[in-house]
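Worksheet: the structure to be examined is printed underneath.
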Amino acid sequence: MTNPEALAGEPGTERLEQAVRTAEQALIEYEIAVETFRVEVENFSRLHQQRLGPMYARLDELDALIAEAVAARTGAPEDVLRAQEARALVQPIPGVEELLGGWMDADGLFPEATAMLTGQPVRPPQRVRPSDAARRAYRELIRKAHPDLARDDADRARREEFVVRVNAAYAAGDEDQLGELAAEWAAGPLPPQRRPSRAEELYERLEWLARRKDMLTSVAAELEGSAIGSLVKMAQDDPDGLLAQIGDGLVAQIAEREAHLATLTG
């Protein structure tokens, strides 16, 4: 194996430097893909809860009412027990709000508490997938400002702080904010020119990039393996349409259960 120290003073390290640049760009594109998918999974999860949560709650209530109607008709011990269990699932847990000091109630964390713990805005996103314009602006900004392009610690710190704001604006689907961030970056100091690197530093850089890619691969696998991630991946062309489709299915289930309850109580 070639000794990197021996290469440091030899011509030809330009090829190694080019390999590092290529790996950096590939990693940035991969990180953009993982982050955009993470945003869609997170938005889908929040919108799923916001829009469909009441429908699931209504289904649970109807299941309890149906079980209670059946128990009232038959009087069978197993039907009575089933009705009690169904009712227990929808019954609020007493004293939760008082116990947790206004952070949550029987339905879960309040939006303000969730926002405080996760750093997300209280207001949920409007869509699972931000607009095409927001996606284009986000990708362009990340390609320019990614911390992996930093040439020194000060530049990396500046880029990391900037990318945090870019990610937040993209997650909110805020095109105006992304436009302001693009103008801010364009007006900022230009990154310094790449200085010739020693081969040992370039090899170390390649190893770091490989470790970073492995970490992102684990994150992507975890996202794709989650229940929400699987749904989003199934509907890559239109995740918002999938959310509406699930809602339509729940509406149909609610109508079916209400009709069944009417036959039991009518």
Ranked by how many other beta carbons lie within 10 Å on average, peptides 228-235, 64-71, 205-212 from highest: 64-71, 228-235, 205-212
3J(HN,Hα) from dihedral phi, segment 257-262, Karplus parametrisation 6.51/-1.76/1.60, rounded to Hz, x for glycine, proline: 5, 5, 5, 5, 5, 4
Whole-number D in µm²/s for segment 135-240 (Stokes-Einstein; Kirkwood sum over Cα pairs; 10 °C, 1.306 mPa s): 98 µm²/s
Residues with amide H under 5 Å from that of Arg129, placed H, sequence gap 5 or more: Asp240
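Just so you know, all these numbers are worked out from the coordinates, no wet-lab data involved. Fair warning: this is a prediction, and the values are worked out from it, not measured in the lab. Cβ coordinates were reconstructed from backbone atoms using ideal geometry, including for glycine residues, and neighbour counts include every protein chain displayed.
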